[in-house]
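Chemist: Okay, here's the structure, questions in a sec.
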């Protein structure tokens, strides 16, 4: 007996075929686009290095929803629940503060062995891993400077932390057979009027060069650098600005990370992708939702998320753009936040794959902007949701909000038992 989903799927294939879109090809391409989920949504960016979990350096998770993960085992359990509700390929993005060790480990002394449980877990769950040095929430970052610090010994500590992190990242790639993208973000800056803006940036260039001086196998490890407009306590001056890191990534040919919340409120990263791709070998995207600024809200299926996905698909950037998420909301169920945000990113990618791009590009080339606008608007009403539901069914995940029942059950049985 034909189900309503199968009927909707057949009709959707016909509708998209009428505008020149092969739906099966779109789904095959979607299976080439993993989204890297961020571990820090599950515990409010506390990590397991410091039992107090105090945040600093322009990072703040707000809310007090019960049931956050208190250790790596709980975090992995929560991640497994979220991953089971999201169709298609995924990755996991780890910060250095999520290491596991029976004894305290200084950040400049972290080693691959401190992440072996994560690697074995990733193998079991068929995931790639990405990585980040954690240059915040530490006594040596308390004055607002790390890799650009004027104190040689403090700066060297953070250089050594990045060096150690690169080895962890390369270990991930070697063990899992897929390159780990390691992103460097630092909170360095000043709260008020800054007299010398040049010297910290000179120190940062030299520090980054030293930290990344060892050549690592690109099949295992990819370096990325991330800019920011400002941070808490660094409202007037951010050392690692967009101009700084765009120049650094271009001159050193590293990957450039564009975070959706790290620019002026009226700026969007979707407009920056095509320009950056002319000069850097790879992009890392941190898809987030700024509300007035970098408040890291759960990703919606909104215009900017769709525009980011469309830029990737329209320009065939599948192998040069790495898609990651970066939000942390402690006011709602943390597993639901992962599921909502990641499913929305994948929906945006699917919608972009279902766009009749070649037809639209030809109309634009011919100067028929009337038809271009008409088709852009009409294709929004095509039955993409039926394609998404079939994709979910094929991946044995809920096709609609039924996933919330699973999350609620897990909340009752597991999360509510946590103090």
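Any read-out appearing in this document is the output of simple, stated calculations on the displayed coordinates, not a laboratory observation. These numbers come from a predicted model, not from an experiment. FYI the Cβ positions are ideal-geometry reconstructions off the backbone, even for glycines, and counts take in every protein chain you see.
Chemist: Test of understanding: in a Gaussian network model of the chain with alpha carbons linked when under 10 Å, which of 300, 147, 11 would top the mean-square fluctuation ranking?
Modeler: Evaluated over the chain, the most mobile residue of the options is 11.
Chemist: Shape verdict for segment 34-352, please, from the Cα gyration tensor: rounded (a/c under 1.5), prolate (a/b greater than b/c) or oblate.
Modeler: Cα axes put segment 34-352 in the rounded bin.
Chemist: Something else now. Among DSSP beta bridges lying fully in segment 176-251, give the percent that are antiparallel, nearest 5. Don't skip to the end; give the middle numbers.
Modeler: Working: 3 of 8 bridges.
In segment 176-251, approximately 40 percent of DSSP beta bridges are antiparallel ones.
Chemist: Another question, if that's okay. For helix 72-83, report the angle its Cα long axis makes with the longest principal axis of the Cα atoms of the chain; keep it between 0 and 90° and round to the nearest 10°.
Modeler: 20 degrees
Chemist: Under 8 Å for C-alpha pairs, at least 6 residues apart: give me the relative contact order for the chain, rounded to a whole percent.
Modeler: 20 percent
Chemist: Taking only DSSP H segments of four or more residues, each worth -39500 (n - 2.57), what value at 222 nm results for the chain once the sum is divided by all its residues, to the nearest 500 deg cm²/dmol?
Modeler: -13000 deg cm²/dmol
Chemist: When N is the residue count of segment 6-147, what does its C-alpha Rg come to as a fraction of 2.2 N^0.38 Å?
Modeler: 1.38
Chemist: Return the percentage of antiparallel bridges among DSSP beta bridges fully within segment 216-351, rounded to the nearest 5 %. Write out the running numbers ahead of the final one.
Modeler: Working: 3 of 15 bridges.
Counting DSSP beta bridges with both partners in segment 216-351, the antiparallel share is about 20 percent.
Chemist: With each pseudo-label sitting 7 Å past Cα toward Cβ, what's the residue 28-residue 194 distance in nm, one decimal?
Modeler: Placing both labels 7 Å along Cα→Cβ, they lie 5.0 nm apart.
Chemist: Further question on the same structure: Give, in nm to one decimal, the length gained when the segment between residue 271 and residue 152 is fully stretched (0.36 nm per residue of separation minus the Cα-Cα distance).
Modeler: Extra length from residue 271 to residue 152 when fully extended: 39.0 nm.
Chemist: If you don't mind, there's one more thing I want to ask. Of the peptides 356-365, 326-335, 185-194, how do they stack up when ordered by the mean number of other Cβ atoms within 10 Å, highest first?
Modeler: On the way: 356-365: 14.6, 326-335: 21.7, 185-194: 19.8.
With the highest mean Cβ count within 10 Å placed first, the list reads 326-335, 185-194, 356-365.
Chemist: Taking the alpha-carbon centroid of each part, what is the distance from segment 229-269 to segment 91-143 in angstrom?
Modeler: Taking the Cα centre of segment 91-143 as reference, the centre of segment 229-269 is 24 Å away.
Chemist: If one takes the longest principal axis of the Cα atoms in the chain, at what angle in degrees, from 0 to 90 and to the nearest 10, does the Cα axis of helix 334-353 lie?
Modeler: Around 50 degrees separate the two axes.
Chemist: May I ask what percent, to the nearest 5, of DSSP beta bridges between residues of the chain are antiparallel? Write out the running numbers ahead of the final one.
Modeler: On the way: 5 of 34 bridges.
Beta bridges within the chain, antiparallel portion: roughly 15 percent.
Chemist: Tell me the angle of helix 403-413 to the major Cα principal axis of the chain, expressed in degrees between 0 and 90 and rounded to the nearest ten.
Modeler: 40 degrees
Chemist: On to the next question. On the Cα set of segment 281-406, report Rg and Dmax in Å, please.
Modeler: Over segment 281-406's Cα set, Rg and Dmax evaluate to 16.3, 50 Å.
Chemist: Let me ask you something else. Could you list 293, 40, 338 so that the one with the fewest beta carbons within 10 Å of its beta carbon is first and the one with the most is last?
Modeler: If I rank by nearby Cβ atoms, fewest first, I get 293, 40, 338.
Chemist: Here's something else I'd like to know. Pick from 305, 406, 370: which residue has the top mean-square fluctuation in a GNM of the chain where Cα pairs under 10 Å get a spring?
Modeler: Looking only at 305, 406, 370, the biggest GNM fluctuation is shown by 370.
Chemist: For the chain, set up a GNM with springs between Cα atoms under 10 Å and report which of 112, 104, 133 has the largest fluctuation.
Modeler: 104
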